[in-house]
1. Scan region 197-220 residue by residue and report those that are β-branched (Val, Ile, Thr), touching a Leu at 6+ places or on another chain (Cβ under 8 Å) and within 16 Å of ligand 1 (Cβ to nearest atom).
2. Of all residues in region 186-206, which are more than 17 Å from Ser49 (Cα to Cα) and either charged (D, E, K, R) or touching a residue at least 60 places away in the same chain (Cβ under 8 Å) (or both)?
3. Take the residues of region 61-113 that are over 20 Å from Lys129 (Cβ atoms) and of a type in the set (Ser, Thr, Tyr): which is surrounded by the fewest Cβ atoms within 10 Å (Cβ to Cβ)?
4. Within region 30-149, considering only strands (runs of 3 or more DSSP E) that don't extend past its boundaries, which have at least 1 residues that are of a type in the set (S, T, N, Q) and in contact with a helix residue (DSSP H, G or I) (Cβ under 7 Å, 6 or more places away or on another chain)?
5. Wholly within region 198-290, which strands (runs of 3 or more DSSP E) include no fewer than the required count, namely at least 1 residues that are more than 24 Å from Lys38 (Cβ to Cβ) and touching a Pro at 6+ places or on another chain (Cβ under 9 Å)?
6. Before we move on, is Gly307 out of contact with any Lys or Arg (no Cβ under 8 Å at 6 or more places or on another chain) and either within 16 Å of ligand 2 (Cβ to nearest atom) or open to solvent by 10 Å² or more (accessible area, probe 1.4 Å) (or both)?
7. In region 235-247, what count of residues is obtained for those that are within 8 Å of ligand 1 (Cβ to nearest atom) and closer than 21 Å to Gly307 by Cβ?
8. Counting only residues that are assigned to a helix (DSSP H, G or I) and open to solvent by 10 Å² or more (accessible area, probe 1.4 Å), how many does region 1-24 have?
Amino acid sequence: MTARKIVVALGGNAILASDASAQAQQRALRETAKYLVKFIQQGDSLIISHGNGPQVGNLLLQQAAGNTPDNPAMPLDTAVAMTQGSIGYWLQNAMAAELADLGIEMDVATVVTQVVVDENDPAFDTPTKPIGPFYTQKEVTDIQSANPEFQFVEDAGRGYRRVVPSPRPIGVVEAGAVNQLVNAGIIPIAAGGGGVPVIRHDHELVGCEAVIDKDFASEKLAERVGADQLIILTAVDHVYVNFNTPEQQQLTAVSVDDLQQHIADGQFAAGSMLPKVEAAIEFVTHRPEGQAVITSLTNLGQFIETGSGTVISAVNVETNV
Ligand SMILES: Nc1ncnc2c1ncn2[C@@H]1O[C@H](COP(=O)(O)OP(=O)(O)O)[C@@H](O)[C@H]1O
Ligand SMILES: NC(=O)OP(=O)(O)O
């Protein structure tokens, strides 16, 4: 079988569960790496991307706590770059250790990746991307009295989270470099945290206050490197219709047309499953010969062996719903 080029986007649970310490996140990523090396074992070329919502929010809090005129807090674009560095460092070490255990000699390298957004994107006026920890209503009131510009949303009954603008990615500045790395047999970690959000001003790239959705950024990267598959790993093995109801039914093989109908029927929650489904549709629309897959990290072995998971194709396929 010829080697496929696969972009894998890691969801939050692959990095941070409840313990936000560096050690706990490194342990989680070591577990994650055990699953990811399966692609290498079967001869695929891998590009890894990851989220940063909890980490970048926590970092902003640390920045604010230590903010002095001599040692000022860093802006959001720089904080995103910092999380690309820290998570990339943990992940490249975890992958290297797992590969070494298997006797596979391969380099893993993190690329600080800038993702271009449109400065006129209406998303700048309406923050939607949750970052950092969960708060109670009382905590939100206290935070907003000191920071009236901060906005919060209630997140699926779990509490309130700060939200920041999340414009759509339109280009990945380092896509060519990432492609050269993967073509040279190196495993790149790229577009972490959705990429550092930048706006093009003539010949300059200027960072902006935003956190790009990592599923959309991973899609754009997958498109630009000509990937065969975009695999979005999250906490569920499949995408479901009638999710969390007695009528819940998993989607296995599904076409763009059918998914569009499920979106129109309101089947996917905004801010969680909807962006993943939209990213999957965008990928196979741009690369009709490619496939997008949404499944869980723990189902990855099953997916590789039997194809179990939600597999999205541009063409009409036999659907189970
Ligand atoms: N129709 C649906 N099918 C499956 N999962 C859904 C659906 N609607 C909402 N979800 C929820 O979306 C979650 C994935 O979104 P999220 O937790 O934001 O992803 P990430 O893994 O990138 O952090 C799933 O774990 C599930 O709880
Ligand atoms: N940037 C981003 O989408 O991060 P999360 O997936 O962690 O929310």
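The values are calculated or read from the model by the stated rules, or taken from the named source; none is laboratory data. Predicted, not measured: the structure shown is a model, and the values here were computed from it. Here the Cβ positions follow ideal geometry from the backbone for every residue, glycine too, while neighbour counts run over all protein chains shown. Surface areas here come from the heavy atoms of the whole protein model, side chains and all, with no ligands, DNA or RNA. Shrake-Rupley method; radii C 1.70, N 1.55, O 1.52, S 1.80 Å.
1. Result: Val211, single match.
2. Of all residues in region 186-206, those more than 17 Å from Ser49 (Cα to Cα) come to 198-206.
Within region 186-206, Val198, Ile199, Arg200, Asp202, Glu204, Leu205 meet the criteria.
3. Once the filter is applied, the top-ranked residue is Thr68.
4. Details: elements: 45-50, 108-110, 114-116, 129-135.
Fully inside region 30-149 and qualifying: 45-50, 108-110.
5. Working: elements: 204-207, 229-234, 239-241, 249-251, 253-255.
Answer list for region 198-290: 204-207.
6. Yes.
7. Within region 235-247, residues that are within 8 Å of ligand 1 (Cβ to nearest atom) and closer than 21 Å to Gly307 by Cβ number 6.
8. Initially, region 1-24 is screened for residues assigned to a helix (DSSP H, G or I), giving 12-14, 22-24.
Subsequent filtering for residues that are open to solvent by 10 Å² or more (accessible area, probe 1.4 Å) retains 12-13, 22-24.
Within region 1-24, residues that are assigned to a helix (DSSP H, G or I) and open to solvent by 10 Å² or more (accessible area, probe 1.4 Å) number 5.
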